[in-house]
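Some notes on the structure that comes next.
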Amino acid sequence: MALTTNALSTTSATNANSYTSGSFTPAASDYLFVVVHATDTAVAGTMSDSQGLSWSNLMSVVSNTSNIVNVFYSTTTTSATAMTVTWDCSADSATGAIISVLRISGSNGRIRQFTSKSGPSSETPNVVFSTACRTANPVIFTQCNLSTPHGMTAPASHIARNANQVSSAPTIGLSTSSRVSGETADTITAGGASPTDWTAIGVEWYDDTDYDVVLSGVGVTNAIGSIGLSSGVAASGQSLSISSGSIVASFSNALSGQSVTAEQGSLSKTIGVTLSGHQSTLSSGTLSLLSSIALTGQQIISAIGSVTVAASDILVALVGQSLSAASGSITALLGRSISGQSVSVEQDSLSNEQTLALSGHDLAIARGSITAANSFVITGQQLSVVNGSVTASGETVVALVGVSISAANGSLAASFGRSLSGQSASASIGDLVASNELSITGLGTSISSGSLLADIGITLSGVDSYSAIGDMSGSMSVGLSGVGSSISIGSISAYSPTLSTVKAGIITATYAQPVIIATYVQPTLTATYTVPTIEAEI
């Protein structure tokens, strides 16, 4: 159980940019709670101490127009040696200050709720918490006014801890009290009126070994399974629900957003993970995050299979407006990113391995896989595969770039330091392949049946390069280029720089140009003419 003990209060009527308390000696492992009531300043300032603790500013409240009440608490614990605390207001020097210090022991330094209220002398000082206090928790109540002596009294069942006042103008007073346990109301009221206008502060502490979970939001529901949080975890949002399975957060994690749901399976977070966005849902399978990973976006959905970030020695991010897996998985491993407006998979997988990036407006797969491996990049407005695969692989950086790169049946492949680029590169049946430091570029590069190949340092380029049936190939540092390079039946092959077109059959260019020999024999013409004999009788 957490306990509250007085340390001391210190006053100063000096115009200064910092104020230091008197010396006090805490016990080992105490947390400290400090209230500063200062005149003629508007800054929260900062708190420090002679032991080098870490501090947090819980609240700053303007009091009586020109004064301020600042509340600080240490986030680390003391050692059992004499110390002082110092409030710095160098951004706006004060004309006087009261510093009140309390010690909190038997606690993990957790604050359940806090509030403040200001009022006139005609109203008894009081505060109203957002929810009723827990009977096992200690409550601190601090009153500040403009009087000397302060003339304020502690609430019923509270113990007065310290009080003080600044007697020279401008005069101020402060009175702090606490209740170790037994408070169950949401309102704390002083034991009497204040002689002058006042500001009151209320803080409820708790021991997180007793209360280690915070669930907040409009709707928190559990039909079958569990919603569990442990080790100082917060789950917040408008709706957190589970029908079957579990929603789990552990080791100082946050689950937030308008809707976090799990129908079957689990939605889990471990080891310092953030899952945020408007909607994170799971109907069957798992949506999981491990080891300092972030999943963000407006919609992250897994219908069947999994959306997973795992095994990340390096930070991994899945980001975008829509990340979904209907069947199969979307996976990021070992320091990768998958980003874009739409990243989806219906069957099989969309994967990133070994420091890769897949980005673009639309990355989709119906059946087969879109894969980038070994430091590769796949980018563009649309990368899709219906049957087969769009693949980048090898030991050198590979790029598949363009507005549209798709494979309906077969494969689009780039390996060993190659590029496939253009507005349209597609294969319906067969292969569109670049290998061994090759490039295929152009506005239209397509194959319906057969293959379009480039091997060993070759370029295929042009406005339109396609093969309907047969092959269109280049090898041994050959270029095929032009406005139209096409084949309907047979093959176009280049082995030395050449350009060929065929409609039926095969046209081949090789190193040895064929010798054409032509022989022409002029025919001999022979003519015989016999003059006819004409006989006449008269």
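The values are calculated or read from the model by the stated rules, or taken from the named source; none is laboratory data. If you're wondering where the values come from, they're calculated on a predicted model, not measured in any experiment. Every residue, glycine as well, gets a Cβ built from its backbone with ideal geometry; the counts of neighbours run over all protein chains shown.
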>> Can you tell me which of (1) in contact with a strand residue (DSSP E or B) (Cβ under 8 Å, 6 or more places away or on another chain); (2) surrounded by fewer than 17 Cβ atoms within 10 Å (Cβ to Cβ) is the one Pro138 doesn't meet?
In response: (2)
> Looking at Arg161, Arg134, which is the one that is assigned by TED's automatic domain parsing to the domain that holds Thr10, charged (D, E, K, R) and either in contact with a helix residue (DSSP H, G or I) (Cβ under 9 Å, 6 or more places away or on another chain) or assigned to a loop (DSSP other than H, G, I, E, B) (or both)?
Replying inline: Arg134
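In this structure, is Asn145 surrounded by fewer than 21 Cβ atoms within 10 Å (Cβ to Cβ), at pLDDT 95 or above and not β-branched (Val, Ile, Thr)?
So Asn145 fails the test.
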> Of the conditions (1) touching a Ser or Thr at 6+ places or on another chain (Cβ under 6 Å); (2) β-branched (Val, Ile, Thr); (3) crowded, with 16+ Cβ neighbours inside 10 Å, Thr115 fails just one. Which one is it?
Replying inline: (1)
> Counting residues that are free of Cβ contacts under 8 Å to residues at least 40 places away in the same chain and more than 24 Å from Cys133 (Cβ to Cβ), which strands (runs of 3 or more DSSP E) fully inside the stretch 1-118 reach at least 2?
Replying inline: 55-63
>> Going through Ala154, Ala160 one at a time, which residue ends up being of a type outside the set (Phe, Trp, Tyr), closer than 29 Å to Ala27 by Cα, in contact with a strand residue (DSSP E or B) (Cβ under 8 Å, 6 or more places away or on another chain) and free of Cβ contacts under 8 Å to residues at least 24 places away in the same chain?
In response: Ala160
